[in-house]
Every structure is written in C-alpha cells, then in structure tokens.
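The values are calculated or read from the model by the stated rules, or taken from the named source; none is laboratory data. These numbers were taken from a predicted model, which means no experiment stands behind them. Because the Cβ atoms are built from the backbone with ideal geometry, glycine has one as well, and the counts that use them run over all protein chains shown.
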Amino acid sequence: MISWLPIVQMMLILTIALMSPLSKKARLMTHLLAYGLIANTIIGVVLLTHVHAVGPIVLSLGGHASFLGIEFIIDSFSALFTLFVSGIGLLIHMYSLGYLPHALKESQIASYYGLLALLYFAVFGLLYTNDLFNTYVFIEILSITTCAIISIARKKRNYMAAFRYLMLNELGSLSFLMGVALLYMITGSLNMTMIMNQLSTQFAAYPINVTLALGFIGVGLAMKSAIFPFHEWLPDAHSSAPAPSSALLSGVVVKLYLLVIVKILFRVFGTGIAETLNAPLVMMIFAVVAMVFGSLFALGQKDIKRMLAYSTVSQVGYILLALSLLSTAGLEVMFFYIFSHALIKGTLFLVTGATISHQKKRSLESYKGLGYLMPLSMTAFALAGFGMVGIPGTSGFVAKFQIATAFLDVDQALFVWVLIVSSILNALYYFPIIINGFVTDNEGIDVHLEKVPWPMLVTLSVFVLGIFLLGVMPGVIMPYIQAAAEVMGGVS
Amino acid sequence: MNHWMKAEKLGWKSFTVQSMIIMGFTVFGLSIFFAYVASPASFGTFGERFADLSYRAASTPAVLLIILGMPLLSALLRIGLNQRSLTLKDEILLVADVAMIVLVMLLYPAVAQGPLRFVSDQGFGVGVSVQLNMLAYMFVLLSVVVWFFVMMFAHEYMKKEDHNRRFFLFLSLSYTATLGIFIAGDLLTLFFAYEMLTIMTYLLVAHHQSKDSIEAANEYLFMGILGGFSIFVAMVLIYTETGSFMFDQSYQLLAIPGATPYLILGLLIIGFGVKAGMFPLHVWLPKAHPVAPSPASSLLSGIMIKVGVFGLLQSLIYFYFPVEVWSDSTGVLGQVLLWIGLVTMALGVVFAIVQSDIKKLLAYSSVSQIGYIFLGLGLMMILQDKGGVALSGALYHMVNHALFKSLLFMVAGLIILRTHERNMYKLGGLARHLPITAAISLIASLAIAGMPLFNGFVSKTVLHHAITESITYKSNLYMVVDWLFIAISAGTVAYFIKFNYFIFFGPENAMYKDLQVKRRSVYLPMIVMALGLLMIGLFPNFLVETFIQPVALGLPFDASFTVAGLDFNYFAGKELLLTLGIWAGGFAIFFGLKAKQLLTYSFPDWLHLEFLLLYPISALMHGLLLLIDSDHETMDKATYQTYRMSNYKLTFKDHLVAFSDILNQKYEGLIIKSDAFIYTLFLTAVVIVMGVLSFIL
C-alpha cells in the first residue's frame, strides 16, 4: 500500500496541473495546489519515515521488468528531497497567497499555479526515477514549465529572459540526451542500475565513448544548474520571474540538477570511473571559479534580484565543491548546504518580492532607509544576509564550517582559502545593503511597521526560524542527511 | 537643543538623588565584597553562608545565563516602557546592572574553589560550552563594574543624542557578546560571541549616521569580519588537528610537526589583533572610537578592545602552553608578539602626540596601551616558566587600562557635552570652569602616564620588571626593549601633558567664559572611578593577591617568579628614579615639540597604512581594466567618471565594485554573442581533461 504512495503523490499533482486549462479561477487553483502540497508533504513525511524504518522501495511501473520498464526508487535520498521540495513549496505557496494578487492578473495566477503544479510533478519524477531517458523527459518538462513561469508576467524583459533561458537550456538538454544515447550504445540499457553494472566491465572496452558520455551529460547538466561559465541565463531568468518562483527556482530547482549530477556520478558511472576520468578535478576547477567569480560579479550589480541571482551562481559553486569530494562525507556536506541555501536564498528572494511589490523598489540604491519602512522584512533580509556571509548562529555558518572541515580532512587547505575569499566578497555585497537599509538619515521617512499581507510575513518568519534552527541545532536533520548520503555513496 | 530642555524638565534632579542611592549601594556592596575577597576567613559564619549560597548558585548554568540575558532584558524593558521619563528608563538599566554585579559577586567563592564549566552537546552541531575560571571572572567583574559607571554617565550624555532606544539596545547586545567572549568555554562559542560583538557594535559606531561615522563603522565592520574569517580558518584547522574546540590544556598544538601550529597562531593573532587594535590592524580604531557617542567610546576602548587580547591570551593558554615542560618554540612566538607589541606602542604614541581631536588622541593612546599588553604577552612566552611576572603585568595593565581609559573618554565626553568642541587647540583654560572635571582628568592622566601612587604605575612597573628578567635570564639584547619601553613611556607622559595642557590649563578661550556646571550627576561615576584608580595605586598588592596570582599559579609558571613570589616592592628607589627620568623626558618631549611647532604635524597621505596596503591591489585592478576595456565602450559614463578619480581617493570597496561591474558587463557582452561556441569550447576542454589526462598520463 505504502509503496504506491509516490504514484499517488505524482498523479495528484499532475491532476492539479491538468485542471488549470479547465479553470481560469485563481481561487480554485490556489486552493487545489495548497491541498495538493499539503497532501504531498504529509505523504513525504510518511515515505521518509517508512524508508528509514524499512528500507528503500523499488517500483516497476506497469509491471515490466527493469530492462524494459521504468523504475522508481524511493530511498532515503529521494524521499528526503521530495519532502524538502514539497515543504519549501508549501511555505512559498503560503507567501504567494499574499504576494500574487498584487503582481499578476487573475487569469495569469490560475495558469501560474497550473505550471507550478507541473513543475512539482517534474521535480518528483526527477528525484524518484531510476531511468536515464525518463530523467531526460522530466528535465524537459521542468525546463519548459520554468520557461513559461519566467515569461508569465508578459513583459518584454521577461520574454527576453525566457528566450535566453530556453536556448541555453535546450542546448543542455540535448547534450544530456547525446550522453544518454552514447551510454545506450555501449550498454544497451537505460536503467541506471543496469548501466552501472554493465559499465564496470565495458569501460575498459569503450573508454572513449564513456568519456564522451560523461562529458556530454556533465556539461549539459552544468548548463542547467548554472555552473559558472554557463550561468548566463540565470540572472535574467531568476530576476524577472515573480518573487515566489524566483525563490523556488534559486532555492530548489537549480539544486535539483546538481542532485541529478549526483545520481549520474554515483548511480550511473560510479565513483570509480568518475575518479579515473578526473571528474573531481574538473568539478573543483569549475567550483572554485564559480565561487569567486559569482561573488565578484554579484558585487557589481545594481539590481537587487540580479545580485541575488549572481549570489546563487557562487553558491552553486560551493555545492559543486562539496560534491567534488565524491565521498559520503562530501555528500553530507553538500546536502546540508542545499538545505541551508534554500532557506537563506528563499528568504532573500521573498523579501525582495515584498519590497518590489510594496515599495516599488528594486535597485540597490533604493534600499536606502528601507529598514524604516519595512522593518520586519528588512530584519529578515539582514538575518538571511548574515547567513549568507556565514555568521555563526545561522545555517550558513554550519554549512561553511562543514565544507572547510571536509576539505581539511583530505588535506586540501587551498579550498578553505577560496571559501574565505568568496565569503568576504559575500560580506562586501550583503552588508552594504543591510547598512543602507538601517543606518541612514530617517528624516522625512515615516517610520512604521509595513503593511505587508500576513501570509508573507509568516512565511518569512518560518524561513528565518529555519535558518537559525539549522544554525544552532543542525543535529535535527543531520541523521536524515547522513542516511541520504549513505544510500548514495555507501557507508563511510 | 529642544529635546535636551525637555529632558531637563522631566526631572534630572530625581535622577541625581536616585543615582546617588544606587551608587552608594553599589560602592558599599563592592567594598564589602573586596573585603571578603581579601580575607574570607574574617567574615565568620556570614562568610560561610555566603560561600554556601555561592556553591548552590554555581551548580547550574542558570546564574550565568541570567547574567548573559540581563542586558537584553533590561534594554527591551527600557524600550517597552512607554514612559516619557528618561529617569525611570535609564534606572532600569542601572538596576539591572547592579543585579548583575550582585550575581557576579555571588559566584566568587565558587570560582575561587575551581572553575565552573557547563557543556551542552547540542548547538552548532559540535557543542557549546561556557566556563568561568579566575581569569574570566576577573574580566567579567571588571566589565560589569565599568559598565555600571558608564551607564550612569550615559544617562546624562545620551540626552543630547537621537536614537536612544536603538543605542541602548545594541549597547546591551554588545554587553552580552563581551561577557560571552569572557566566559566562552571553547573556541567556537568564543567565535560566536566575537562575531556577535562585531555586528552589534556596528550600530554604536555608526550612531550619528553621518558620512564619517558610517565610513568608520564600515571599516570597523569589514575589518572585524576579516578578523572573524581569520579566526574561522584557525578554528577549522584546530578542529581538524584535535577534533575539538574545547579550552582544555590537553591539546598542545606545538607538538604538531610542521608549520601548522604557527599558521594557526598567526591567524589567531590576526583575528584577535583586529579587535584589540594591534599594529598593523589598528587602522579602524582611531576612526571608530572617536565617532561613537562618548559612553560607547568609553566602553569600546575600555572593555571591548580587551576582548581581542583576552581571546589571544585564552588561545595561548589553552593551545600553546605546555602542561609541564616549556618547549623552545614558544620563545619564537614570544618574539613575534613582543615586537608587534613594541611597534604598536611606538606607533600609538607617535600618532597620539600629533592629534588635535581629543577623542582621537585617546584612541591612539588606546592603541599604544594595547601595545604594552602585547609586550607583556610576548615576554610571557619568552620567559617561559619564569613568565608569571609578565603575565601578571599584562593582566594588571588590562584591568588598569579598562579603568582609566573609560574614565578619560568620559572626561572627553563631558567636555564635548559642555563645549561641543573636539579640537583641543580651540579649548583652553577650562580648569577654572570645570574644576572637578580637570581634577578627574589629571588623576586619570597621571595614572595612565605612570605616576607613582596611581594604578598605571603599578602595572607598568611589573611589565618593566618582566623586561629586566628577560635581560637577566635570556639575553642582554633585551636591553633594546628596555630602552624603547622607557622612551615610549616618556612619549605617553608627553601626550598626556598635551591633553591636559591644551584643554584645561593653556590660554583661556573667551568663548567658554560662561561655561556653567549643571547636572552634577555625571560626576558621580567619574569621581568614584577616579577614587578607584587611587585605591589601586595605593594598595597595589590587593589585585595581585586576590585575582592575578591565582591565575598565574594555575598555569605552568614557576611560583617563585610570580609577583607575589618575588616579594615585589613597587616603590623601590630604582623604579622611582626611573619614573622621574621618564617624567623629565616626557616634559622635554612635550616642550621640545611645542617649541618646534611639531604638535600639529600631519603625516603625508602616502604613509597611511590603508594606502600602503591597498594601493597595489587597486593599481592592479586599474591596470587590468585598462587592458580589457581600453576603449571603455562598455563602461557607462558615470562609472567611468568615478573610476577616473584619483586612485586612492576612491575607497577600496568602490574600486572593487567598479572593477567587477565593468568586468561583468564585458563578460556578459562576450558570452551572449557566442553561447554555442562557449559550450563547445568547454565540452572539448572537459573531455580533454577527463580523457587525455587519464589515458595518456
């Protein structure tokens, strides 16, 4: 019974998505998606506790054997991250209740929620599936829905951003598909487990094909997860989407592609082949460049959302750096970083959403004195900014600390210095905003609490509380993260 | 002005009376407490009952948590209290502080028995802990007492300032952070408090929100963050080496082969040195301390820079002290600290002498005095097992400096409150109008300049003795240190002559003829503190025997080389003769410089440290930009205009921002035109790295 819950989860959200062309009523869709997400979160909790207690569930769709049919694997890894996505999604949905009526037209809201439901569908599928071609399909669904969400506001800049997004991401998808085709050529299979079994013997026979496959898949996914030289679509896309979806895209969706990379490296090629092919070295180089240049470019931005987007580029570098260890310890660090960053960046994007919709302010200049106009939101911004810099007490500190210790454990002190440089750059662009917001002349400014709808404020406080909870007691989620890392990378 | 008058009407008189009562109570309590500390036995059953109560209070971390939470609680109460009466509001702070003093006093017998330590496994994932040993206790007591005096002073002073609520809120948060650093039981907790202090003090420095103060505060913040990251790296290194952050003496980092322990110490020195105002990281201090409101400067200079020294001392004690036998490497570390200390001392003096701003002079003086303390720490490491005397000197000087420097900043604050003038050359002859202030200022100056019978003399004598010991037991080369010490002390005398001469005794400025003395309640804390300085100077052994000696004996020092072990005579003929020489030298320097008109000498721009350190990087960025953007087509006009401004007038951060902006625009322009090309390029590169490297090599 429990083993069919993932299917329930996906069908539920797909049905909601399919309702949107039928109904143009924003109210109905809002309710539907809210209930869908609540149900999914509950199912997620059930699944996570189940796989923790009993062990992974393997679902063969349609009852076909695994070489033919599609397999879903629900283990500590995928259960944890689906729960994470639905949880964050639920919170962001609450924020949207207050935000969207100001930002979009009613018909747009209905289709926005429909697209969002489709996006969740793709995300769940991406996490569950154990089939490479199926992964490609879900990646495509994800790309196209994201593209539609970016252009939902129907302004010129949105169309430009969406177009650029589409072009670069299609390049990435095709590259991924090419890699999958190469693998199919060698192994005659699309099931990840079976490919891995085949590859361990076939690698010696077809080294060039395997190398090319990994190259195509890796670069394709790198484009989708905005790893530094391929990040060009991200600042435009994330800064022109509506605030709740920016938070979702920056906080969750970008990381999903990184999780796909994790799956590819650990479940398709295996760490052995990846290490022979110098994948860690390649990832480290990309990560270091991303960490430094992402932050450096963020420093020069004048638009707050673009700045946050560039900051995401640099944070993706951190996550990739943790992954480049290719070990269970590295995965633990990486997963924690994903959680921490989702909370922090989510908060930051949600605050900017509030400032843009309620004060019509999006340039960094205009943040001057904003602390007097929107004290609560700006406090949330300040605290999340501290998290970004890595002030102890926030989850950002724990995450950076873990990365630093993980790298010192393998005697690679260089990366600690890169981490520090990037963090200092972070401080250089987050602190001035906070300072400008709070420490300026408040003459002529009427100081009062902001009149932001309460669902937005509640969401912000939950996010901020989360940042501090993870920062002070990371032990709360560490067991789950460890289990997820172990199921991927083996017991350390 | 209007604001001020309103506050006046709301009853300063009642505050004077009530603050006298509170002060009387506190002073009485403190005297009884010190009497108890001096000889617990003479208190009989009362003493026993007090000790018993203390053990019970110390059995749980509750008291420590209350002490940590009290400042925040009182500040929130003060904000929540919807009363117009400032008196009542500020009295909440005072009463809370008195309660803290009482609680801290209550803990004494328990701490004297042995350190208190509370560990929680949860927290940051690796556990947090607090500990209260004699060393920490000394500084906690010092902080609560000084804070109490400053709070009383602040009541009067802050009437003329805006944003009172914010000021007191962040002052109390800094208070919590400071105490947190003192009682941290491991490096991680200490780091947490350190970062909290950096951020909370920001708003104290930026209080006036003028361009100057925000710039100073930004510099303070960024240097603090930089120091924080330095400690972060040190912390991570320590964690990977030892698997824990705990302050317990079982980790001897010096036992690790290779350069790692020195790297760690270097990072710690940088991290804590930033907070302490050590050369060359002191650049923020002379900017930040003067722009803060005087009560805040008082605490910043009095207590908060000690936090840096304390953190360094703590790390030295727990990570670099041996359990039994000293190794030779400590001597090397000691040399480094010693010379840092000497340079800091000298630099502080040289810059203090040429200042015209009274608060700036005091700030540079703080830099210089921190140098004395670093010197003491250096000598401690050099003398190794005979270093007890150096440690005592350093600790004693920390306590003394906290007292007289906060008092001096109060004096400066009072003068600014009365005259609204910070340039000492425009003041003069104020002694006639403000006799009490002048007397207090003289006492504090005599103390800091090292006049016998005042407290500064005591600690400087102990430090000087440590130098003599290093000459006797280590090497004759330390004579150089001795001479420098004497010369710098003479310089200290000179700039305090300057301070008092131009403010109180020089030619009278007609503008301040009608200066009236109002609101005497400000004098109350100042007089009590001045008396405290005298008391320490007259009974120099009290602090040594009760607080400092136990600390020194708890460490691997030879007991016969501590202050008590040496049966120290502060007023020996030799020391007094030396002091006479120093004072003569001080007068000579002052009048010499005055005759040559060098007192207002300003150093050339290129000599500024920021310029020396950051100019090369700025120039590099400038060059790079000209290289990639020679036709400056991507730069918009405004950016280019800012950019063309003379290189060192632009702050380093603006420079960096402009640089990254242009780089980004250039890069984006490039990549949009050629995304498919970049994809191919990187794919090929990746495949080559993966394939060629692994198959061919």
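The single condition from (1) outside any helix (DSSP H, G or I); (2) surrounded by fewer than 24 Cβ atoms within 10 Å (Cβ to Cβ) that residue A:325 fails is (2). When segment A:122-167 is limited to residues that are among the aromatic types (Phe, Trp, Tyr) and touching a residue at least 60 places away in the same chain (Cβ under 8 Å), the one that is nearest to residue A:78 (Cα to Cα) turns out to be A:128. Residues that are within 22 Å of the chain's Cα centre (by Cα), part of a helix (DSSP H, G or I) and of a type in the set (Gly, Ala, Ser) within segment B:433-473 comprise B:441, B:444, B:445, B:447, B:449, B:456, B:459, listed in sequence order. Candidates in segment A:469-490 are the residues that are more than 19 Å from the chain's Cα centre (by Cα) and away from chain B (no Cβ under 14 Å); of these, the one that is surrounded by the fewest Cβ atoms within 10 Å (Cβ to Cβ) is A:490.
Of the residues making up segment A:56-83, those that are over 24 Å from residue A:256 (Cβ atoms) and either modelled with pLDDT of 85 or more or assigned to a loop (DSSP other than H, G, I, E, B) (or both) are A:64, A:65, A:67, A:68.
In segment B:188-207, of all residues being among the polar types (S, T, N, Q) and either facing chain A (nearest Cβ under 10 Å) or surrounded by fewer than 20 Cβ atoms within 10 Å (Cβ to Cβ) (or both), the one that is nearest to the chain's Cα centre (by Cα) corresponds to B:198.
Every test in (1) more than 30 Å from residue A:406 (Cα to Cα); (2) without any contact (Cβ under 8 Å) to a residue 60 or more places away in the chain is passed by residue B:215 save one, and that test is (2). Quick check on segment A:448-468. Is at least one of its residues within 14 Å of chain B (Cβ to nearest Cβ), part of a helix (DSSP H, G or I) and hydroxyl-bearing (Ser, Thr, Tyr)? Taking every residue of segment A:448-468 in turn, none turns out to be within 14 Å of chain B (Cβ to nearest Cβ), part of a helix (DSSP H, G or I) and hydroxyl-bearing (Ser, Thr, Tyr). Screening the candidates B:35, B:41 for the property of being in a helix (DSSP H, G or I), at pLDDT 85 or above and over 28 Å from residue B:173 (Cα atoms) yields one hit, B:35.
Within segment B:208-237, being of a type in the set (A, V, I, L, M, F, W, C) and either more than 10 Å from chain A (Cβ to nearest Cβ) or not in a helix (DSSP H, G or I) (or both) holds for B:216, B:223, B:231, B:234. Being out of contact with any His (no Cβ under 6 Å at 6 or more places or on another chain) and assigned to a loop (DSSP other than H, G, I, E, B) holds for only one residue in A:393, A:387, A:353, A:371, and it is A:393. Residues in segment A:234-254 that are more than 21 Å from residue A:126 (Cα to Cα) and aliphatic (A, V, I, L, M) were compared, and the one that is farthest from the other protein chains (Cβ to nearest Cβ) is A:243. In segment A:25-39, the residues that are over 11 Å from residue A:94 (Cα atoms) form Cβ pairs under 6 Å with partners that are of a type in the set (Phe, Trp, Tyr), at six or more places apart or across chains, as follows: A:29/A:113. Residues in segment B:654-697 that are within 19 Å of residue A:166 (Cα to Cα), of a type outside the set (Val, Ile, Thr) and within 8 Å of another protein chain (Cβ to nearest Cβ): B:668, B:675, B:676, B:679. Regarding segment A:446-461, can at least one residue be identified that is out of contact with any Gly (no Cβ under 9 Å at 6 or more places or on another chain), in contact (Cβ under 8 Å) with a residue 12 or more places away in the chain, under 24 Å from residue B:192 (Cβ atoms) and surrounded by fewer than 16 Cβ atoms within 10 Å (Cβ to Cβ)? Scanning segment A:446-461 turns up at least one residue that is out of contact with any Gly (no Cβ under 9 Å at 6 or more places or on another chain), in contact (Cβ under 8 Å) with a residue 12 or more places away in the chain, under 24 Å from residue B:192 (Cβ atoms) and surrounded by fewer than 16 Cβ atoms within 10 Å (Cβ to Cβ). Criterion first (of a type in the set (A, V, I, L, M) and either touching a residue at least 60 places away in the same chain (Cβ under 8 Å) or surrounded by 23 or more Cβ atoms within 10 Å (Cβ to Cβ) (or both)) does residue B:138 satisfy it? So residue B:138 passes the test.
Can you confirm whether segment A:107-117 contains a residue that is touching a Cys at 6+ places or on another chain (Cβ under 9 Å), in a helix (DSSP H, G or I) and small (Gly, Ala, Ser)? No, every residue in segment A:107-117 fails to be touching a Cys at 6+ places or on another chain (Cβ under 9 Å), in a helix (DSSP H, G or I) and small (Gly, Ala, Ser).
The helices (runs of 4 or more DSSP H) falling completely within segment B:607-697 that include 1 or more residues that are among the hydrophobic types (A, V, I, L, M, F, W, C), modelled with pLDDT of 70 or more and more than 28 Å from residue A:225 (Cβ to Cβ) map to B:609-628, B:652-673.
Comparison of A:407, A:401 shows that the only residue that is facing chain B (nearest Cβ under 10 Å), free of Cβ contacts under 8 Å to residues at least 12 places away in the same chain and either in a helix (DSSP H, G or I) or out of contact with any Phe, Trp or Tyr (no Cβ under 9 Å at 6 or more places or on another chain) (or both) is A:401. In segment A:216-233, is there at least one residue being among the small types (Gly, Ala, Ser), within 13 Å of chain B (Cβ to nearest Cβ), in a helix (DSSP H, G or I) and over 21 Å from the mean Cα position of the chain (by Cα)? There is no residue in segment A:216-233 that is among the small types (Gly, Ala, Ser), within 13 Å of chain B (Cβ to nearest Cβ), in a helix (DSSP H, G or I) and over 21 Å from the mean Cα position of the chain (by Cα).
Kindly establish whether residue A:230 is aromatic (Phe, Trp, Tyr) and modelled with pLDDT of 90 or more. No: the conditions fail for residue A:230. Checking each residue in segment A:360-393 for being within 21 Å of residue A:334 (Cβ to Cβ) and either of a type in the set (A, V, I, L, M, F, W, C) or more than 10 Å from chain B (Cβ to nearest Cβ) (or both) picks out A:384, A:387, A:388, A:389.
Cβ-Cβ contacts under 6 Å between residues 6 or more apart (or on different chains), taken from a first residue in segment B:91-110 that is part of a helix (DSSP H, G or I) to a second residue that is charged (D, E, K, R), are listed as B:92/B:78.
Results for (1) touching a residue at least 24 places away in the same chain (Cβ under 8 Å); (2) β-branched (Val, Ile, Thr); (3) more than 16 Å from residue A:10 (Cα to Cα), shown as yes or no for each residue.
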| position | (1), (2), (3) |
| --- | --- |
| A:55 | no, no, yes |
| A:72 | yes, no, no |
| A:80 | yes, no, no |
| A:86 | yes, no, no |
| A:108 | yes, no, yes |
| A:113 | yes, no, no |
| A:119 | yes, no, no |
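The single condition among (1) of a type outside the set (Gly, Ala, Ser); (2) modelled with pLDDT of 85 or more; (3) more than 14 Å from the chain's Cα centre (by Cα) that residue B:299 does not satisfy is (3). Out of the residues in segment B:238-281 meeting the condition of being outside any helix (DSSP H, G or I) and crowded, with 17+ Cβ neighbours inside 10 Å, tell me which one is nearest to the other protein chains (Cβ to nearest Cβ). Among those residues, the one meeting the criterion is B:245.
Per-residue answers, yes or no, for (1) surrounded by fewer than 24 Cβ atoms within 10 Å (Cβ to Cβ); (2) over 24 Å from residue B:672 (Cβ atoms):
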| site | (1), (2) |
| --- | --- |
| A:212 | yes, yes |
| A:224 | no, no |
| A:241 | no, no |
| A:250 | no, no |
| A:269 | no, yes |
| A:290 | no, no |
| A:316 | no, no |
